[in-house]
Amino acid sequence: MSSASSSVRRIAATVLAAGAIVSAAALPASAADGDRHHQRPRVEISRVQADSPGREDRSNRSLNSEWVEITNTTRDGINLRGWTLRDRDGNRYRFDNVRIAPRATIRIHTGNGRDTRTDLFQDRRDYVWDNNSDTATLRDDRGRTVDTESWGRRR
């Protein structure tokens, strides 16, 4: 009977070891599945032009050549009222009653201008985005970070 119980113990140990191996292999697969099914943000920073082309002379034309694009990736319009766009230095643009259409992109310019459904203006007289290194952060009306875009090296 001791050889039978020894066999049972060996089989049980083999089954437990196999189960541990399967479990260990399944954990990273589960994490990968979670990443694979992670959805893009509903609204994202899609492009940034921090360095306005040409001479930076603080003219309105030059200021408006510095911009951030935000894209609605959903099939529904989204109201951005109360949302903010910030740089690393704390400069903040707060969205008023701005609705971004489904799968549409809006461009937020630094300088002065007349807001349209595709272009918004911060009405600033100085540059916001650092050409060499900065971070644009988009937050919703509850202050939660929706998306960030960084470039260059932080000094």
Testing Pro102 on (1) touching a Lys or Arg at 6+ places or on another chain (Cβ under 6 Å); (2) within 20 Å of Ser52 (Cβ to Cβ), one condition comes back false. Which one is that?
(2)
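Conditions tested, residue by residue: (1) exposed (fewer than 12 other Cβ atoms within 10 Å of the Cβ); (2) aromatic (Phe, Trp, Tyr); (3) over 20 Å from Glu44 (Cβ atoms); (4) touching a Cys at 6+ places or on another chain (Cβ under 9 Å).
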position	(1), (2), (3), (4)
Tyr93	no, yes, no, no
Ala101	no, no, no, no
Ile108	no, no, no, no
Arg117	yes, no, no, no
Phe121	no, yes, yes, no
Tyr127	no, yes, yes, no
Asp140	no, no, no, no
Ser150	no, no, no, no
Based on what the data block shows, is Val68 part of a loop (DSSP other than H, G, I, E, B), surrounded by 13 or more Cβ atoms within 10 Å (Cβ to Cβ) and of a type in the set (A, V, I, L, M)?
no
Exactly one of these conditions fails for Thr84: (1) surrounded by 13 or more Cβ atoms within 10 Å (Cβ to Cβ); (2) closer than 18 Å to Arg42 by Cβ; (3) without any contact (Cβ under 8 Å) to a residue 40 or more places away in the chain; (4) touching a Lys or Arg at 6+ places or on another chain (Cβ under 6 Å). Give me its number.
(3)
Quick test for you: out of Leu85, Leu63, pick the one residue that is in a strand (DSSP E or B) and at pLDDT 55 or above.
Leu85
Could you look through the range 116-132, keep only residues that are without any contact (Cβ under 8 Å) to a residue 40 or more places away in the chain and assigned to a loop (DSSP other than H, G, I, E, B), and pick out the one that is nearest to Ser59 (Cα to Cα)?
Asp123
In this structure, is Asp134 closer than 18 Å to Arg42 by Cβ, of a type in the set (D, E, K, R) and under 19 Å from the mean Cα position of the chain (by Cα)?
no
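The values are calculated or read from the model by the stated rules, or taken from the named source; none is laboratory data. Note that the coordinates shown come from a computational prediction; the quantities given were computed from them, not determined experimentally. Backbone-built Cβ (ideal geometry, glycine too); neighbour counts: all protein chains shown.
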